[in-house]
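In what follows, a single structure is set out as structure tokens and then discussed.
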Amino acid sequence: MINILRKNYALTLWLTRVIYGLALLLGQMFAIDSAFGWLSMALGVAVPRAWYVYLAYAVVMTAVMELIIRLLTRLIFNFLRLVIIPFNEFIILFMLSGAVVNAVSGLIKLVYLVSPAAMVFGEWLITPVVSAAVYFGLFLLVKRLYLNDKNAPYVFRCGVITFMIFSVISLFIL
Amino acid sequence: MKTKKTVLCFILAVALILPNTVFAAEAATPSTGAYGLLEEFVTDNPSRTAGTAGEGAAADWIENKLKEFGYTDDDISRQTFSIENYLSGVSGSGLTTTSENISLSVPSAVSNGKVVIGAHYDNASSLYNGYSATGGQGVSDNGGGVAVLLELARKFKDVSLDFDLEIVFFGAEELGLVGSRHYVSGLTQSVKDDILLMINIDVVVNGDYLYVWGEDGYTPQAAYFAEISGGSARVLPANKRAVYGVSVTGSRPYYTVAHAADSMSFLDAGIPVAFFFSGNLSSGSFGYVENDGMDGVMHTENDTLEYISERYRDKMISNTDAVVNTIYNGVTADGFVAAVENARDYITGGFWLNGVYAMAITLVIMAGLGVWAYFYYGKLKKRAILGTADVRGERVFTRPDDDDIFTFRS
């Protein structure tokens with residue numbers, strides 16, 4: 001897989017963006033409904049539930065998320081001196097992991113359609129648990145591709161601390 | 001010749017006058033049923049903003065109408081409550097700091113509990129809701145509900161029921177369910193336990209479909225009324241447009257359109273509800289809309305008799321009649337008590353709605369993951385020292401120092 005990525009980085013990046021955007025729509029289906037539902041109420045205008053609204057949301061949010069991911073990753077890599085991991089390749093792997101988190105979370109959240117009350121526990125539990133599992137998988141992949149037994153513990157420690165900080169922040173933002 | 005002219009003039013005059021007379025007679029024919037009451041109510045009480053003289057006049061009007069139906073002072077009571085806390089920053093001429101609920105009791109000889117049927121009679125206002133409702137008459141929200149209640153009051157007069165019935169017209173709903181909250185807060189626990197069902201009617205006149213809602217999942221009472229209605233009213237579709245965010249009632253950390261009504265005051269107190277409203281939850285738009293054409297009138301200046309009846313008169317008549325008939329046939333049917341007596345079992349418990357529990361469980365899981373990560377980190381450190389040796393055994397090191405492993409730190 002990594003060889004395909006390295007052969008045509010630009011194409012892989014665009015494919016990653018498309019996958020990330022689609023997964024974002026699934027993972028944030030209820031958030032999108034909420035945002036546009038509230039917007040409709042606030043403006044007193046019924047926003048049409050049309051494909052182009054979803055497309056616009058996916059494009060804008062994917063662009064914004066990629067920008068945030070690139071900025072934060074660059075910042076964290078520099079701060080923690082993680083020079084051994086190639087930045088551009090990691091961005092693609094991280095975005096694909098994010099896509100998996102969104103897709104799996106989105107599938108689990110379909111239970112809200114049957115019982116919206118599940119939203120209360122679901123919103124707290126689903127994303128952190130799924131994220132923990134997927135990002136551990138990302139660590140194993142990164143370890144296999146770029147790390148050795150000597151530097152893996154340090155990268156793992158950095159990853160866990162970063163994950164915990166962002167998880168706690170997101171819990172309290174929620 | 002003169003006689004002929006006179007006869008012709010007479011015939012001509014009759015021909016001109018007669019059709020107008022007939023048409024005038026037709027136009028003067030009063031509307032009947034709930035729709036007739038709706039026309040009468042909103043024409044006489046076009047402005048009923050909570051805390052205004054208009055709301056007080058509407059309360060008087062409702063009481064007088066109930067007396068016209070044959071009810072007496074003994075049957076009707078009025079409950080005054082303060083809305084002062086909700087008017088902070090609001091100024092307007094003639095505003096008072098109180099509102100009222102009007103309650104009609106229809107006691108039964110053999111009481112198997114109690115049923116409360118309610119609707120709010122105030123209307124939205126740009127004074128405090130931020131709506132463009134100025135100029136509206138509150139026909140959709142909620143003159144229709146008042147008309148249905150009045151028609152039910154007329155139908156229940158002299159009907160013998162197996163349970164006590166109370167019909168309540170709530171004030172100050174648009175300020176935040178104030179009237180119904182006040183009503184529920186005044187009930188003792190034994191009275192709350194005694195209530196079989198609260199039926200709420202709000203925004204029923206012009207939506208594409210009538211819905212009946214009992215809770216954010218299956219409830220026997222919603223299924224019961226949907227069946228009784230013969231297809232006029234339906235339970236909410238699987239996609240109920242649940243969205244994130246605090247409910248307007250503040251009691252649920254998520255929101256569905258059914259939460260924004262007086263029935264929530266009862267549901268929060270553990271009383272089962274059946275909430276009738278109209279709209280289109282299968283439309284091609286985000287959130288709740290009244291109809292697929294997205295011609296929303298609720299909370300706008302278009303919520304007038306003229307605007308709505310020009311466009312939706314048939315819908316107004318069929319919707320209000322359907323709600324009246326569904327409720328009346330439903331509660332007078334032999335199987336009613338049996339159908340709703342277990343409705344309490346379907347109310348979502350406080351635990352499942354309490355985000356604090358969910359947060360605590362999440363933090364415990366996160367802490368568990370942290371502990372697991374700590375041990376996994378130890379395992380990685382051992383591997384760092386031992387290379388590819390088997391690190392599962394505890395033969396060499398139990399806890400290597402940080403200095404023993406390679407890091408990028410200088």
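We did not get these values from a lab; they are worked out from the coordinates using the rules stated. Remember, it's a predicted structure, so these values are computed and weren't measured experimentally. Cβ coordinates were reconstructed from backbone atoms using ideal geometry, including for glycine residues, and neighbour counts include every protein chain displayed.
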Placing +1 on each Lys and Arg Cβ and -1 on each Asp and Glu Cβ in the protein assembly as shown, then taking the dipole about the Cα centre, the residue among B:47, A:2, B:104 whose Cα reaches farthest towards the positive end is A:2
Counting only residues 5 or more apart in sequence or on a different chain, those whose built amide H sits under 5 Å from that of residue B:254 are B:247
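Give me the net charge for the shell around residue B:171: Cβ to Cβ below 10 angstrom, other residues only, Lys and Arg +1, Asp and Glu -1. Provide the component values of the computation, followed by the final result.
Values: positive: B:48, B:78; negative: B:55, B:100, B:122, B:173, B:174.
Residues close to residue B:171 contribute a combined charge of -3.
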Could you work out how far apart the two model spin labels at residue A:141 and residue B:53 are, taking each label as a point 7 Å from the Cα in the direction of the beta carbon, and quote it in nm? 7.2 nm
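For the range B:33-349, what is the percent of antiparallel DSSP beta bridges, rounded to the nearest 5? Let's see the in-between values first.
Working: 20 of 40 bridges.
That works out to approximately 50 percent antiparallel.
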Two-site label geometry, residue B:112 and residue B:32: point separation in nm, points 7 Å out along Cα→Cβ: 3.2 nm
Packing-ranked peptide list from A:141-149, B:370-378, highest mean Cβ count within 10 angstrom first, is A:141-149, B:370-378
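Could you work out the relative contact order of the range A:2-173? I mean the mean sequence separation of Cα pairs under 8 Å and 6+ apart, divided by the number of residues, in percent. Numbers along the way, then the final one.
Working: 98 pairs, mean separation 47.8, N = 172.
Once divided by the residue count of the range A:2-173, the mean separation gives 28 percent.
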In order through the range B:343-357: 3J(HN,Hα) via Karplus (6.51 cos²θ - 1.76 cosθ + 1.60), integer Hz, x for Gly, Pro: 4, 4, 5, 9, 7, 5, x, x, 4, 6, 9, 9, x, 5, 4
Any idea which of A:155, A:169, A:99 is furthest toward the positive side of the dipole for chain A, if Lys and Arg beta-carbons carry +1 and Asp and Glu beta-carbons -1? A:155
Ratio of Rg to Rh for the range B:33-349, alpha carbon only, Kirkwood? 0.93
For the range B:98-115, in residue order, the Karplus 3J(HN,Hα) values (coefficients 6.51, -1.76, 1.60; θ = phi - 60°; whole Hz; Gly and Pro = x) are 10, 9, 9, 9, 10, 10, 10, 9, 10, x, 10, 6, 10, 9, 10, x, 9, 10
Taking the Cα centre of the protein assembly as shown as the origin, how large is its charge dipole in debye, to the nearest 20, when only Lys and Arg (+1) and Asp and Glu (-1) carry charge on their Cβ atoms? 3660 debye
Under a point-charge model restricted to the Cβ atoms of Lys and Arg (+1) and Asp and Glu (-1), what is the dipole moment magnitude of the range A:2-173 relative to its Cα centre, in debye to the nearest 20? 540 debye
Hey, can you grab everything whose amide H is under 5 Å from the amide H of residue B:163? Only 5+ residues off in sequence or another chain; H modelled, so Pro and N-termini drop out. B:112
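If you add up the charges near residue B:145, with Lys and Arg at +1 and Asp and Glu at -1, over every other residue whose beta carbon is less than 10 angstrom from its beta carbon, what do you get? Please list the in-between numbers first.
Values: positive: none; negative: B:141, B:173, B:202, B:262.
Counting the neighbours of residue B:145, the net charge comes to -4.
Please tell me which of these pairs span more than 30 angstrom C-alpha to C-alpha: B:65/B:192; A:109/B:382; A:7/B:382; A:7/A:143? If you can, show how the numbers build up before the last one.
Details: B:65/B:192 28 Å; A:109/B:382 39 Å; A:7/B:382 36 Å; A:7/A:143 21 Å.
The pairs that break the limit, which is 30 Å between Cα atoms, are A:109/B:382; A:7/B:382.
Relative to 2.2 N^0.38 Å, what does the C-alpha radius of gyration of the range A:80-148 come to as a ratio? Two decimals please. Could you put the intermediate results ahead of the total?
Values: Rg = 15.3 Å, N = 69, 2.2 N^0.38 = 11.0 Å.
With N residues counted in the range A:80-148, Rg over 2.2 N^0.38 Å equals 1.39.
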Roughly how crowded by other chains is peptide B:368-377, in terms of the mean Cβ count from those chains within 10 Å of each of its Cβ atoms? 4
Range of Cα positions in the range A:2-173 per principal axis (Å), largest first: 57, 35, 26
P(r) histogram, all alpha-carbon pairs of the protein assembly as shown included - 10 Å bins from 0, percent: 3, 14, 21, 18, 13, 11, 9, 6, 3, 1, 1, 0, 0, 0
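What FRET efficiency, computed as 1/(1 + (r/R0)^6) with R0 = 22 Å and r the Cβ-Cβ distance, is obtained for residue A:55 and residue A:31, rounded to the nearest 0.05?
Values: r = 16 Å, r/R0 = 0.73.
Efficiency, rounded to the nearest 0.05: 0.85.
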Could you list, bin by bin from short to long, the percent of Cα-Cα pairs of the range B:277-363 in 5 Å steps? 2, 10, 12, 12, 12, 13, 14, 13, 7, 4, 1, 0
So what J values fall out for the range B:312-324 if you push phi through Karplus, 6.51 cos²θ - 1.76 cosθ + 1.60 with θ = phi - 60°, rounded to Hz, Gly and Pro as x? 10, 4, 4, 5, 4, 5, 5, 5, 5, 5, 5, 5, 4
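Quick one: dipole size for the range B:73-127, taken about the Cα centre, charges +1 on Lys/Arg Cβ and -1 on Asp/Glu Cβ, in debye to the nearest 20.
Values: 2 positive and 6 negative charges, 34 e Å.
Result for the range B:73-127 is approximately 160 debye, rounded to the nearest 20.
Averaging the inverse of every distinct alpha carbon separation and then flipping it gives the Kirkwood radius. What is it for the range B:56-189, in angstrom units? Before the final figure, lay out each step's value.
On the way: mean 1/r = 0.0633 Å⁻¹.
15.8 Å is the Kirkwood radius here.
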List the residues, sorted by chain then number, that are 5 or more residues from residue B:50 or on another chain and whose placed amide H is less than 5 Å from its amide H. B:123
Among B:346, B:263, B:281 the positive-end extreme of the charge dipole of the range B:239-388 (Cβ point charges): B:346
Excluding same-chain residues fewer than 8 positions from residue A:150, which aspartates and glutamates have a Cα within less than 16 Å of its Cα? B:390, B:401, B:402, B:403, B:404
